Amino acid sequence: MYASDAPPPRPPVNVPELRRLKSAGTPIVAMTAYDAGFAAVLDAEGVDFVLVGDSLGMVVQGEVSTLPVTVDQIVYHCRAVARGLRGALLVADMPFGADATPERAFDAGVRMLKEGNAGMVKIEGAGVKLDAIRFLVEREIPVCAHLGLTPQSVLRLGGYKVQGREAAAAEQLKRDARAVEAAGATALVLECVPSALAESITRELSIPTIGIGAGAGCDGQILVLHDLLGVSGGHRPRFVKNFLADGGSVQGAVRAYAEAVRSRTFPASEHAYA
């Protein structure tokens, strides 16, 4: 192939593009990554949204939860991932304790953008976290919210459990979703939420929802890279599918995942919760 025959680079995905994708009804493809090599594969296969998640504590470091992950570690992995990206939006997870106050969240967020080259940060929860979301957005740091099963709350929740099944919990989750949008969040991750509830929230909000274990009614989907490749140890959650088994290679697995999300064939009913 001559250089002139190569496809032009895609425009970088940014905050307005996420809203455009929602408005157009085009599913958003999101995945985690923790290094430049895998990031380059995701970018080449058209992934829109790459998260350096605090999941790195479990899938990279072998911890039993995400709680030990530090801001320094998130910044380190963001810098690596950023080197592999050309078009995808890089999102940095705010680790446990880093968003305890708006000021602490701002300090961490500044590092993630300036040192890690992220384009957005992700904050788990609502309630007291709303002040942090608002504080960051007012100071030009885009925020992706995260509701439902929030892994940083594992000690309070007593494990990794589906959230929002009871009527009162579902109504609270809807209120929280409206609240994070009102506080200025640009997007919302919904994790381990009944499909009907996630779809209802998605219809109500103007910001895009990204589901993980939240059914096909969200505006997009995200999976942890190691889960998608079938290399995670221990219990495999219901919402996980091993795309490497059919894809035949890492590139093929990522391509198959992206195509399945955009065609809305993933997640199927067996990957969702009622």
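The values are calculated or read from the model by the stated rules, or taken from the named source; none is laboratory data. The shown structure was predicted, so the numbers you read here are calculated from the model rather than taken from an experiment. Note that we place each Cβ from the backbone using ideal geometry, even for glycine, and neighbour counts take in every protein chain shown.
For the reader, a short list of remarks on this structure follows.
- In the set (1) more than 17 Å from the chain's Cα centre (by Cα); (2) of a type outside the set (D, E); (3) crowded, with 16+ Cβ neighbours inside 10 Å, G220 fails one condition alone, (1).
- Qualifying residue in the range 127-136 (condition: charged (D, E, K, R), free of Cβ contacts under 8 Å to residues at least 12 places away in the same chain, surrounded by fewer than 23 Cβ atoms within 10 Å (Cβ to Cβ) and assigned to a helix (DSSP H, G or I)): no
- Any hit, the range 31-39, residues being buried (at least 16 other Cβ atoms within 10 Å of the Cβ), within 24 Å of T265 (Cβ to Cβ) and either basic (K, R) or in contact with a Ser or Thr (Cβ under 7 Å, 6 or more places away or on another chain) (or both): yes
- Candidates L51, L21, L67: the one that is among the aliphatic types (A, V, I, L, M), closer than 21 Å to L147 by Cβ, in a loop (DSSP other than H, G, I, E, B) and modelled with pLDDT of 95 or more is L67.
- Answer residue from the range 199-217, given it is of a type in the set (A, V, I, L, M) and more than 15 Å from A30 (Cβ to Cβ) and is surrounded by the fewest Cβ atoms within 10 Å (Cβ to Cβ) among those: L205
- Among the candidates F49, F96, residue that is in contact with a strand residue (DSSP E or B) (Cβ under 9 Å, 6 or more places away or on another chain) and buried (at least 24 other Cβ atoms within 10 Å of the Cβ): F49
- Residue check: K241 meets all listed conditions (1) in contact (Cβ under 8 Å) with a residue 24 or more places away in the chain; (2) surrounded by 13 or more Cβ atoms within 10 Å (Cβ to Cβ); (3) outside any loop (DSSP other than H, G, I, E, B) but one, namely (3).
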